[in-house]
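First the structure, in the form of structure tokens, and then the observations on it.
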Amino acid sequence: MGNPILVEVSRGPLVESRHRGAVAVVDADARAVLFLGAVDRPVFPRSAVKALQALVLVESGAADRYGLSEAELALACASHSGEPDHVAAASRILSRAGLTCAALRCGAHPPIHQPSAAALYRAGQTPSALHNNCSGKHSGFLCAACCIGGADPESYIEATHPVQREVRAAIESLSDAPLPDENRAIDGCSGATWALPLRKLALAFARFGTGRGLAPQRAKAAARLRAACAAQPWYVAGTGRFCTEIMRRFGARVFIKSGAEGMVCASLPGEGLGIAVKCDDGAGRASEVVIAALIARYCALTDADRAGLEPYLRPTLRNWNRIAVGGLWPTELIVGKP
């Protein structure tokens, strides 16, 4: 049997599309709160685990050695939009370690933020690796490589590099899931990505959000990264983007990070919960609706919180003339019965 329908999409009076997927919500002791669909099937979390990957930046001592600010730590957890201040922050991180853009191995692409992309081309410039949405993560990896004895920064994205071995070990420890080589692939930024079950991803984020089950140093590192993202959510994504807007509204109450192909993970520290969502068709718009609905379901919200969440819980679809033509909404499986 396939995964259940999580989100429906209307056009006018009719349902035009349906998005299927899987959802896992667990606590830090791996107790199931909500399982929907194939939560034991390995999935690639992609950029949704950047904050877990950034633990090596703090635990290696690199964040302190190079005096990284909250904005720079948030960028290390980010899929940023390539806006000028994002690019400047990535450049600063590299310069702290005596490096330049030439050290990045993530590749170049135009800024996700369309006005920034247009301004770049109007100025007669071409995108560099600093504009890549992963340049903050890669800059953090490079700083860690410069702090780990015997680690060659040149090969920092290789799966066998000490930095990537530390990243792999951290995810295995937080999730209680082994990451075998047969589950390894290459991510969009050329680094390694490992598939693991959705329920294990949710466990990792429950532990990341609460510190429960973690060694003191790792719990402290996780708290530092969460605090940086809560204080500087614009650096985690960018202008008008889902992760930024949700964390801007909820602050430290919600940590959220999206990834490619319909992946989103979240921590609800006050509730002690971790969440992992994967939409079968890779639709980010659907996974965002699901996460918004789960925040509404499991967090204690004020009336103002609910009003602020509504545009993400039931977004309106508009055409090029800005006419409302339909919308999205979560199914009852996600919302839960009153």
- Query: Quick one: in the range 307-338, which of the residues that are among the basic types (Lys, Arg) and loosely packed, with under 13 Cβ neighbours inside 10 Å is nearest to the chain's Cα centre (by Cα)?
  - Reply: 318
- If we keep only residues of the range 21-41 that are touching a residue at least 12 places away in the same chain (Cβ under 8 Å) and surrounded by fewer than 18 Cβ atoms within 10 Å (Cβ to Cβ), then the residue farthest from residue 284 (Cα to Cα) is 29
- Task: Output the residue which, of all residues in the range 162-185 that are β-branched (Val, Ile, Thr) and within 17 Å of the chain's Cα centre (by Cα), is surrounded by the fewest Cβ atoms within 10 Å (Cβ to Cβ).
- Result: 171
- Task: Give me a count of the residues in the range 281-306 that are loosely packed, with under 14 Cβ neighbours inside 10 Å and in contact (Cβ under 8 Å) with a residue 12 or more places away in the chain.
- Result: 2
- Candidate set from the range 63-88 (those that are under 14 Å from the mean Cα position of the chain (by Cα) and assigned to a loop (DSSP other than H, G, I, E, B)); member that is farthest from residue 165 (Cα to Cα): 81
- Residues satisfying the stated conditions in the range 3-41, i.e. of a type in the set (Gly, Ala, Ser) and under 19 Å from residue 279 (Cβ atoms): 10, 17, 21, 22, 24, 37, 38
- Of the residues that make up the range 96-110, is at least one under 16 Å from residue 225 (Cα atoms) and touching a Ser or Thr at 6+ places or on another chain (Cβ under 7 Å)? no
- Answer yes or no as to whether residue 7 is closer than 19 Å to residue 104 by Cα, outside any loop (DSSP other than H, G, I, E, B) and β-branched (Val, Ile, Thr). no
- Message: Just to check your reading of the model, which residue among 202, 170 is of a type in the set (A, V, I, L, M, F, W, C), under 19 Å from residue 257 (Cα atoms) and out of contact with any helix residue (DSSP H, G or I) (no Cβ under 8 Å at 6 or more places or on another chain)?
- Response: 202
- Only one of 60, 47 that is within 19 Å of residue 208 (Cα to Cα), of a type in the set (S, T, N, Q), buried (at least 17 other Cβ atoms within 10 Å of the Cβ) and under 16 Å from the mean Cα position of the chain (by Cα): 47
- Message: Report every pair of residues separated by at least 6 positions or lying on different chains whose Cβ atoms are under 8 Å apart, first residue within the range 58-76 and under 16 Å from residue 149 (Cβ atoms), second among the hydrophobic types (A, V, I, L, M, F, W, C) and assigned to a loop (DSSP other than H, G, I, E, B).
- Response: 60/148; 62/68; 62/97
- Task: For the range 37-51, indicate whether the set of residues that are over 30 Å from residue 173 (Cα atoms) and either in a loop (DSSP other than H, G, I, E, B) or β-branched (Val, Ile, Thr) (or both) is non-empty.
- Result: no
- Scan the range 174-214 for residues that are among the hydroxyl-bearing types (Ser, Thr, Tyr), within 21 Å of residue 267 (Cβ to Cβ) and touching a residue at least 60 places away in the same chain (Cβ under 8 Å) and jot them down. 193, 210
- Message: Which of the numbered conditions does residue 247 fail, given that it passes all the others? Conditions: (1) surrounded by fewer than 23 Cβ atoms within 10 Å (Cβ to Cβ); (2) among the hydrophobic types (A, V, I, L, M, F, W, C); (3) free of Cβ contacts under 8 Å to residues at least 24 places away in the same chain.
- Response: (1)
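All of the numbers you see were taken from the coordinates with simple rules; none came from a lab. Quantities reported herein were computed from a predicted structural model and do not represent experimental measurements. Quick reminder, even Gly has a Cβ in these numbers, built from the backbone with ideal geometry, and neighbours come from all protein chains shown.
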